[in-house]
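Here's the structure we're looking at; comments come further down.
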Amino acid sequence: MKRYEMIWEIFNNCSGNQMRDVHIEEIETDDPETYVLSKFKDAPTACEFETASDGSLVFNISSHGMRQRFSFTEI
């Protein structure tokens, strides 16, 4: 299994508050997409994937009317 530093950002919906929740973890997985989608298995979810210029895997999620981002950097 590969090891990643995962940054999970949950964006605030309030227009006057630009802060967001940020969680950082080290995880082991062979499939980051399955890992991300398993967190939303009971909710309608839109997922967009991109590879950042530094090689990080980035998943932009929209679920329950909230925007979230998961970034995976291999360690």
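Residue pairs whose Cβ atoms lie under 7 Å apart, separated by 6 or more positions or on different chains, with the first residue in the stretch 31-56 and closer than 14 Å to ARG67 by Cα and the second part of a loop (DSSP other than H, G, I, E, B) and not small (Gly, Ala, Ser), are ALA43/HIS64. Scanning the stretch 48-64 for residues that are touching an Asp or Glu at 6+ places or on another chain (Cβ under 9 Å) and either over 23 Å from ILE75 (Cβ atoms) or of a type in the set (Val, Ile, Thr) (or both) turns up VAL58, ILE61, SER62.
Taking the stretch 15-33 as the search range and keeping residues that are among the aliphatic types (A, V, I, L, M) and within 23 Å of MET1 (Cα to Cα), which one is surrounded by the most Cβ atoms within 10 Å (Cβ to Cβ)? Walk me through how you get there before you give the answer.
Narrowing the stretch 15-33 to residues among the aliphatic types (A, V, I, L, M): 19, 22, 24, 27.
Then drop every residue that is not within 23 Å of MET1 (Cα to Cα), which leaves 24, 27.
Details: ILE24: 10, ILE27: 14.
So, considering only residues that are among the aliphatic types (A, V, I, L, M) and within 23 Å of MET1 (Cα to Cα), the one surrounded by the most Cβ atoms within 10 Å (Cβ to Cβ) is ILE27.
Does VAL36 satisfy being surrounded by 11 or more Cβ atoms within 10 Å (Cβ to Cβ), of a type in the set (Val, Ile, Thr), out of contact with any helix residue (DSSP H, G or I) (no Cβ under 6 Å at 6 or more places or on another chain) and not in a strand (DSSP E or B)? For VAL36, the condition - surrounded by 11 or more Cβ atoms within 10 Å (Cβ to Cβ), of a type in the set (Val, Ile, Thr), out of contact with any helix residue (DSSP H, G or I) (no Cβ under 6 Å at 6 or more places or on another chain) and not in a strand (DSSP E or B) - is met. May I ask you to verify whether GLU28 is over 13 Å from the mean Cα position of the chain (by Cα) and either in contact (Cβ under 8 Å) with a residue 24 or more places away in the chain or closer than 10 Å to PHE72 by Cα (or both)? Answer is yes for this residue.
Here is the figure for the stretch 57-75: residues that are within 14 Å of TYR4 (Cα to Cα) and surrounded by fewer than 16 Cβ atoms within 10 Å (Cβ to Cβ) total 3.
Read the figures in this text as sums done on the coordinates, not as results from a lab. As the structure is a prediction and not an experimental result, all values here were calculated from the model. Positions of Cβ are generated from backbone atoms using ideal geometry, with glycine treated the same way; all protein chains shown enter the neighbour counts.
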